[in-house]
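Asks: Can you read through this structure? Questions will come right after.
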Amino acid sequence: MTMAETEQRADIYDPAYVADLFDRCSSNYRWWSAVSSFGFIYIWRRQCVALLQAPKPGAVAVDLMAGTGEVWPHLLRRFPDLGSITALDISHRMHLEAVDRLHGPYAHRITHLAANALETDLPSGMADQVLSTFGLKTFNRDQQTVLAGQIARLLKPGGSFSLIEASDPKGWLLRPIYRFYLDRLLPRIERFFLKGAQDFSMIGTYTRNFGSAAHMADALRAAGLSVTLKPHFFGCATSVSGFKPKAD
C-alpha cells in the first residue's frame with residue numbers, strides 16, 4: 001500500500017494506528033531518525049531541554065511520547081540533581097526498546113510505562129517538569145487540546161514544560177526543497193535501505209498536517225499555562241515551552 005493509499009484508508013491519528021506504526025519503527029528508530037534528520041534531531045532535543053527551568057534537587061520529570069528515551073541523557077546532563085524520570089509511550093515495542101536501554105548509572109532513576117499520554121492516570125501535580133520531543137505531530141488538534149489539559153494537570157504550580165516537534169516551515173525560501181525531501185526523497189531512501197518499509201515516510205504527512213506548534217501553544221494557554229512559542233532552524237521545528245503559574 002502506498003503512502004497516499006494509507007492516508008486515504010486509515011485514521012492516522014487513531015491511537016491504535018499510531019501504536020502500530022511505532023511498533024514497526026522501533027528497532028530502527030534511533031539510528032534512522034538521526035540519519036534522516038542530518039543530526040538536527042539531536043540538536044533539537046538538546047534545545048528542548050534547555051528551555052526547561054531548573055528544578056529543585058530530587059525533582060520529578062515526566063517525558064511524554066518518550067520513544068526509546070533519546071532525550072534522557074540530555075535531561076540528566078543538564079539537571080544532574082533530577083530525582084527521577086517517568087516516561088510514557090503508546091508503542092509497546094518502543095517501550096521494550098526503552099526498557100532494554102535502562103542500564104548504567106541512571107537506570108534506577110527512570111520508570112517507563114506503555115501508556116497513552118491522552119489518557120494517563122498519573123497523579124495530578126506530580127511533575128516539576130514535563131517534556132516531549134517529536135510526539136506532537138501524531139495528534140490532531142482536538143487531541144492536542146486534551147494533551148494540553150493533561151500537561152497542566154500533571155505539573156506542579158511553578159513547574160515548567162518544553163515540547164518540540166518537526167514542522168512545516170511555511171514562508172521559508174527553501175521550503176520546496178524541504179518538502180521534496182520529506183514527501184518524495186525520504187520515502188525512496190527508506191524503501192531502499194529498510195527493505196521496502198514506508199513507516200518513517202509518514203513524517204511527511206504528519207508534518208504537513210501539523211504545520212507548527214501554534215495550536216498547541218494556544219491550547220496550553222487555554223489550560224492556564226504561561227507559554228512561549230519558538231521556531232527552530234527557519235521553522236523546520238517549533239517548540240512550545242513555559243510554566244504553570246503559582247497561585248496568588
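Asks: Going through segment 135-167 one residue at a time, which ones are hydrophobic (A, V, I, L, M, F, W, C) and either at pLDDT below 95 or within 16 Å of R208 (Cβ to Cβ) (or both)?
Replies: Passing the criteria: L136, F139, A166.
Asks: Exactly one condition in (1) of a type in the set (A, V, I, L, M, F, W, C); (2) closer than 22 Å to I43 by Cα; (3) touching a helix residue (DSSP H, G or I) at 6+ places or on another chain (Cβ under 6 Å) is false for A87; which is it?
Replies: So A87 meets the others, but not (3).
Conditions (1) more than 25 Å from N28 (Cα to Cα); (2) of a type in the set (D, E, K, R), marked per residue:
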{"position": "T68", "(1), (2)": "no, no"}
{"position": "R78", "(1), (2)": "yes, yes"}
{"position": "S84", "(1), (2)": "yes, no"}
{"position": "S91", "(1), (2)": "no, no"}
{"position": "H95", "(1), (2)": "no, no"}
{"position": "H103", "(1), (2)": "no, no"}
{"position": "A117", "(1), (2)": "no, no"}
{"position": "L122", "(1), (2)": "yes, no"}
{"position": "A127", "(1), (2)": "yes, no"}
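Asks: To continue, here is another question. Quick one: how many residues across segment 144-184 are over 26 Å from F233 (Cβ atoms) and not small (G, A, S)?
Replies: Residues flagged as over 26 Å from F233 (Cβ atoms) and not small (G, A, S) within segment 144-184 amount to 8.
Asks: Using beta carbons and a limit of 8 Å, which pairs, at least six apart or on different chains, have the first residue in segment 93-122 and assigned to a helix (DSSP H, G or I) and the second one among the β-branched types (V, I, T)?
Replies: Close Cβ pairs (under 8 Å, with a partner that is among the β-branched types (V, I, T)) amount to M94/T68; E97/T68; A98/T68; R109/I85.
Asks: Here's a follow-up. Going through segment 102-119 one residue at a time, which ones are touching a strand residue (DSSP E or B) at 6+ places or on another chain (Cβ under 9 Å) and either among the aromatic types (F, W, Y) or farther than 20 Å from L21 by Cβ (or both)?
Replies: Passing the criteria: L102, Y106, H108, R109, I110, T111.
Asks: Being of a type in the set (S, T, N, Q) and in contact with a helix residue (DSSP H, G or I) (Cβ under 8 Å, 6 or more places away or on another chain) is the filter; apply it to segment 141-187 and report the residue that is surrounded by the fewest Cβ atoms within 10 Å (Cβ to Cβ).
Replies: T145
Asks: Only one of (1) without any contact (Cβ under 8 Å) to a residue 24 or more places away in the chain; (2) not in a loop (DSSP other than H, G, I, E, B) fails for P80. Which number is that?
Replies: For P80, the exception is condition (2).
Asks: Restricting to segment 45-60, and then to whatever is among the hydrophobic types (A, V, I, L, M, F, W, C) and touching an Asp or Glu at 6+ places or on another chain (Cβ under 7 Å), can you tell me which residue is farthest from A127 (Cα to Cα)?
Replies: So, considering only residues that are among the hydrophobic types (A, V, I, L, M, F, W, C) and touching an Asp or Glu at 6+ places or on another chain (Cβ under 7 Å), the one farthest from A127 (Cα to Cα) is A59.
Asks: Looking at segment 183-200, can you tell me whether even one residue there is under 24 Å from A117 (Cβ atoms) and modelled with pLDDT of 95 or more?
Replies: no
Asks: Could I ask something else about it? Under 6 Å by Cβ, and 6 or more places apart or on different chains, what pairs join a residue from segment 157-170 that is more than 17 Å from A50 (Cβ to Cβ) with one that is buried (at least 22 other Cβ atoms within 10 Å of the Cβ) and aliphatic (A, V, I, L, M)?
Replies: Hits for this filter: A166/A237; S167/A237.
The values are calculated or read from the model by the stated rules, or taken from the named source; none is laboratory data. Every value quoted in this text rests on a predicted model; they were computed, and no experiment measured them. Glycine also receives a Cβ, built like all others from the backbone with ideal geometry; neighbour counts cover every protein chain displayed.
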